[in-house]
Amino acid sequence: MGAEVIRIDPIGGGIDFNRWPVAPSGASLYWAGLNKAKRSVALALDRPEGRELARAIAAAPGPGGGIVLTNLPPLPGLDYASLKAARDDMILLRLTGNRDGSAAVDYTVNAASGFPLVTGPGGGQPVNHVLPAWDVAAGLYLATALLAAERHRARTGAGQEVTLALSDVMLATVGNLGYIGDVEINGRARPALGNDLYGSFGRDFATADGRRIIVIALTPRQWRGLGRATALADKFSKIGEVFEVDLETEAGRFEARDAIAALLAPWCAARSLAEIVTAFAGTGVLWGPFQNFTELARDDPRCSTDNPLFAEVEQPLIGRYRMPGLPLDFGSAPRQPTASAPRLGEHTDEILSGLLGLSAPEIARLHDSGIAAGPAV
């Protein structure tokens, strides 16, 4: 969104620097994807002089400076009190695992959330989905918190420390979606339903050409559109009569889901994916095909450079490939071009010189002593 972001890493990279997926060169596509357009400084954060440089970068003057985001535990010289001493209006945002400071990662938090035990067909065996949902949600919470804290500082001149526990992101989400309330108020928990949509109608179906699609009917309009598009409306109405439920309601469709699916399954099985695309076009039916990463990347038109989200970007050590930019479009500002991620330590000398005003001999000394590092040759 136009911010200048300086990423400070330990020399040699953090624990995510080589995370899969990787390119043939060994460079991490994961790291490149999450660090586009940032500037990179590599410092020995395990040494006092390295932390002093990090604190100086964090406290750099100007209205955009004095904002730090970290998931590191408070290090000597980089705790909030030390940062505030360097700049009184400092904003520090800190992500922890659990609220008590103990460690947690997305997979351990997800295991405790209840979702793995209702994902899949049931039977008591957990299915730990591979989407790092809590990491993604935590990042969005922190971005929102950063903007809120910066707005507070602009109004009052005061900085602050903001903390967020990854497990609290999970707990808030489970509670906000009603699952904690369901246990407390109704004395029950959501069951494992496979690919069925909980509380309404939704299920996956096989097509004649071996693909699978999911069909959803959340609203009365979507439900009626499904009946018209498949010419099954009259048969659907009879299901409502037999089950004595109102299929115009989500609860009614959920109660009769197996009978509805028994009519839809042969309809889908008799048609190819292309025929279903044609049948559902313009009908208001809510549906979509299942596709793997290859089909998404190669065949889905939304994943092409016709979508302004994507641009072909040359990434050092990796090559040229499609990278997404910002999903938001702001009416008052043009979309900024998608930029590559930096090489680790690419901007170390530039930041030390331009931002901190260090001389070339002093920067050379920091390199020689192992306090700072530039990109590997």
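List of remarks:
- Derived value for segment 213-269: Kirkwood hydrodynamic radius 11.2 Å. Basis is the mean of 1/r over every pair of different alpha-carbon atoms.
- By the Stokes-Einstein formula, at 1.002 mPa s and 20 °C, segment 39-104 with its Kirkwood radius over alpha-carbon pairs has D equal to 171 µm²/s.
- Cα shape, segment 1-115, gyration tensor, a/c 1.5 rule: oblate
- Which label in (i) 0.98; (ii) 1.05; (iii) 0.95 gives the computed Rg/Rh (Cα atoms, Kirkwood Rh): (ii)
- Here segment 71-121 and segment 315-377 have alpha carbon centers that stand 25 Å from each other.
- Taking a span of 27 Å or more along the helix axis (Cα atoms) and a mean Kyte-Doolittle hydropathy of at least -1.0 as the rule, the DSSP H helices of the chain that qualify are 133-156.
- 1.4 Å probe accessible area per residue over segment 258-377, in Å²: 59 Å²
- Which of 115, 201, 330 is most accessible, then next, and so on - probe 1.4 Å: 330, 115, 201
- Taking the accessible area of segment 207-274, probe 1.4 Å, and keeping the other protein chains in place, the carbon and sulfur fraction comes to 55%.
- The Rg/Rh ratio of segment 71-119, with Rg taken over Cα atoms and Rh as the Kirkwood radius over Cα pairs, comes to 1.21.
- Loop trypsin sites (Lys or Arg not before Pro), segment 147-193 (other Cβ atoms within 10 Å of the site Cβ: 11 or fewer; DSSP): 188
- Only helices enter the 222 nm calculation for the chain: every DSSP H run of n ≥ 4 contributes -39,500 (n - 2.57), and dividing by all residues gives -11500 deg cm²/dmol, rounded to 500.
- Alpha-carbon spread of segment 143-265, three principal axes, descending order, Å: 66, 37, 28
- Element breakdown for segment 52-104 at a 1.4 angstrom probe: carbon and sulfur atoms account for 61% of the accessible area.
- Reciprocal of mean inverse Cα separation for segment 78-185 (Kirkwood radius, Å): 15.8 Å
The values are calculated or read from the model by the stated rules, or taken from the named source; none is laboratory data. Just so you know, these numbers come straight off a predicted model, no measurement behind them. As a convention, Cβ positions derive from the backbone with ideal geometry for all residues, glycine included, and neighbour counts pool all protein chains shown. Accessible surface areas use protein heavy atoms only, side chains included; no ligands, DNA or RNA. Shrake-Rupley method; radii C 1.70, N 1.55, O 1.52, S 1.80 Å.
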